[in-house]
Amino acid sequence: MAKKQKPITKQLLSLFWIMIILIYSFSLFISLIEPAEKIENKKLVEPDVKENKVVGSVSSYIFGPKTYKVYIANLPNGADENTLEIVIKAMNFWEEIEDIDFQITNSEIEADLKVFWVKDFGGEHMGYAYRDLIEIGIGDSSCGEWLLYNNDHILQITKHEFGHALGYDHSDDTNSLMYPILNQEYSFIINKRDVLPPGYYQYFNACSLNDVADFSIDLSTDKEIDFYIVPSYEDFKNLLNEDSFLHYETCSKNEIIRYENNCIINNDGGFVIGNPSHYETVNYSINIKENY
């Protein structure tokens, strides 16, 4: 007589539930060890001024707020004292977008993020971020001599590099904060106090990335001088040689001690101040900035 077999339905059902429990436990374990602070391939668009939010942004911090201790290095010579406030604005910007909190620390060792300033990257880039390091450019020498970026420009660089530190990649959207290309914007193209010897004419290049640019000019002297805006350096040389030369008539003045004006000129042009006196030295102050 054949031996009677035990029913296997209950055994199979028990094995099925055991497998379900094991799979669920493994999935939960993987989710716990995955880094919560990593953000990948998210498009970041500048926030609306009223709402101050990033369109389409979702916080990646699934386990609640994360606090970052931030060390900020001393500013280099030539920097605006208000530059430190720019970092605060950038951190406030990201705190409103992501579920995070920044705290400034004086200890570089204890810091989660370290912010350093670069006076001139040498034309390669304007900012850099890698792991816990953030470097912010504050100016460059693209116009021949070192020029300081304006505060709005430094703020954009700082926001961008903090975005990298938080895991944001570059975006192909030209309107995105994380777009990798940003045109330089300077505080002043020219910011100088000096003396002008008798009979001497000084030329200042109108450095701009635009073919045509709008400049604000503020000039003051202690004695009368001549002021010209010329479309090229060749016209400046013609002026020195007492040959006929082209100039922007509505923006050029003779025998002045004070001059304030906005002028739109081509980027190959320049500004000329001249001392027509044959025996008196002139003290002058000139500030010229581009209106971006």
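The values are calculated or read from the model by the stated rules, or taken from the named source; none is laboratory data. Given the structure is predicted, the values throughout are model-derived calculations rather than measurements. Reconstructed Cβ throughout: ideal geometry from the backbone, glycine too, with neighbour counts over all protein chains shown.
The set of residues from the stretch 149-173 being free of Cβ contacts under 8 Å to residues at least 24 places away in the same chain and either closer than 21 Å to E95 by Cβ or among the polar types (S, T, N, Q) (or both) is empty. Residues in the stretch 255-292 that are aromatic (F, W, Y), modelled with pLDDT under 95 and out of contact with any His (no Cβ under 9 Å at 6 or more places or on another chain): Y279 alone.
The selection criterion, being assigned by TED's automatic domain parsing to the domain that holds V70, of a type in the set (S, T, N, Q) and under 22 Å from N210 (Cβ atoms), does not hold for N82.
Among the residues of this structure, N287 does not count as one that is touching a residue at least 12 places away in the same chain (Cβ under 8 Å), surrounded by fewer than 15 Cβ atoms within 10 Å (Cβ to Cβ) and under 25 Å from I138 (Cα atoms).
Whenever a residue of the stretch 105-124 is over 21 Å from E81 (Cβ atoms), its partners that are of a type in the set (S, T, N, Q) and surrounded by fewer than 16 Cβ atoms within 10 Å (Cβ to Cβ), lying with C-beta atoms within less than 7 angstrom and at least six residues away or across chains, give the pairs G123/S142.
Screening the stretch 135-156 for residues that are within 11 Å of the chain's Cα centre (by Cα) and of a type in the set (G, A, S) and picking the one that is surrounded by the fewest Cβ atoms within 10 Å (Cβ to Cβ) gives G137.
The residue pairs whose first member lies in the stretch 226-241 and is without any contact (Cβ under 8 Å) to a residue 60 or more places away in the chain, whose second member is in a helix (DSSP H, G or I), and whose beta carbons are closer than 6 Å, counting only pairs six or more residues apart or on different chains, are I229/C251; V230/F236. Take the residues of the stretch 249-275 that are part of a loop (DSSP other than H, G, I, E, B) and crowded, with 16+ Cβ neighbours inside 10 Å: which is farthest from the chain's Cα centre (by Cα)? Restricting to residues being part of a loop (DSSP other than H, G, I, E, B) and crowded, with 16+ Cβ neighbours inside 10 Å, the top hit is N275.
In the stretch 88-123, of all residues being aromatic (F, W, Y) and part of a strand (DSSP E or B), the one that is farthest from H160 (Cα to Cα) corresponds to F102.
Of all the listed residues (Y200, Y248), the sole one being closer than 26 Å to N291 by Cα and hydroxyl-bearing (S, T, Y) is Y248. Starting from residues that are part of a helix (DSSP H, G or I) and out of contact with any strand residue (DSSP E or B) (no Cβ under 8 Å at 6 or more places or on another chain), keep the ones in the stretch 68-87 and report whichever is surrounded by the most Cβ atoms within 10 Å (Cβ to Cβ). Result: I86. Look through C251, C263 and report the one residue that is outside the structural domain of T83 (by TED's automatic domain parsing) and free of Cβ contacts under 8 Å to residues at least 40 places away in the same chain. Matching residue, one of C251, C263: C251. Would you mind stating whether I134 is within 17 Å of P76 (Cα to Cα) and among the β-branched types (V, I, T)? Yes: the conditions hold for I134.
With respect to being part of a strand (DSSP E or B) and under 15 Å from Y186 (Cα atoms), L148 fits the description. Of all the residues in the stretch 124-138, those that are touching a Gly at 6+ places or on another chain (Cβ under 9 Å) and assigned to a strand (DSSP E or B) number 7.
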